[in-house]
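What follows is a short report on a single structure.
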Amino acid sequence: MGFFRGRRMRRPGGTSSDHDGRAAQQPSPPSDARTDAELQADVESVLARELATTTRSDAGGLYPSPLSTARIVEWIKDYGYSYFIDSDGDVGGLWHSRLFYFLLFGPDREILQVRGQWNREITIDRVEEVLEFCNEWNTERIWPKAYFRVRDNGMIQVYGEVAVDLEHGASDDQLDQVLACGLSTGAMLFDALDELYRDPAQVAP
């Protein structure tokens with residue numbers, strides 16, 4: 001690579017040629033001055049070292065990279081969790097008997113959503129209680145968003161959801177934080193529901 005190129009063509013005897021063809025006497029370089037070739041070699045060595053460092057960092061997941069199902073599966077495997085991929089290609093698994101999904105939305109699949117589903121249902125007769133619980137939870141806490149749906153059988157199903165727009169990608173650490181946040185805060189929501197609605201099978205008569 002030619003980073004250093006003289007504006008004048010050197011001639012024997014320490015002279016160079018100006019644009020008008022006249023010879024101009026060049027001052028003698030200091031005895032410790034390094035040649036253009038040596039300076040070029042030093043600069044190229046620094047560039048090569050920096051480029052190699054950047055490449056290693058990218059490989060180590062320190063820089064943001066696009067979301068993908070493969071990255072989510074790799075994260076799950078790293079922690080030794082069990083998972084499945086359904087017929088729609090969505091990744092899910094059971095954590096403390098609660099079903100969680102890891103979903104990608106958006107035109108470029110840039111929105112990551114961790115959605116958990118409580119493993120129990122509530123009678124429709126308690127819909128006002130559940131609505132009050134979800135509103136209070138969402139008022140006092142950032143994660144997860146709590147909401148419910150009424151199923152076809154007339155029972156209430158409660159969900160917790162953490163969604164983050166990662167348009168510019170995410171590093172491995174950032175992805176780890178979002179996924180761990182979705183699971184841990186979802187578990188807190190469902191634990192609170194377990195405490196509010198005690199399972200009769202776990203309570204002594």
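Laboratory data are not the source of any read-out in this text; all were calculated from the coordinates shown. Values in this document were obtained by computation on a predicted structure and should not be read as measured data. Glycine gets a Cβ as well: all are built from the backbone with ideal geometry, and neighbour counts include every protein chain shown.
Packing around the peptides 62-72, 178-188, taken as the average count of other Cβ atoms within 10 Å per residue, puts them in this order, highest first: 178-188, 62-72. A prolate overall shape is assigned to segment 69-202, the ratio a/c of its alpha-carbon gyration tensor axes (a ≥ b ≥ c) being 1.5 or greater and a/b exceeding b/c.
In this structure the amide hydrogen of E110, modeled in the peptide plane, comes within under 5 Å of the amide hydrogens of F105, none closer than 5 places in sequence on its chain. So the label point goes 7 Å from the Cα of D194 along Cα→C-beta, right? Which residues of segment 105-126 then have their backbone N under 18 Å from it? So the set is 116-122. In terms of the mean number of neighbouring beta-carbon atoms within 10 Å, the peptides 111-123, 87-99 order highest first as 111-123, 87-99.
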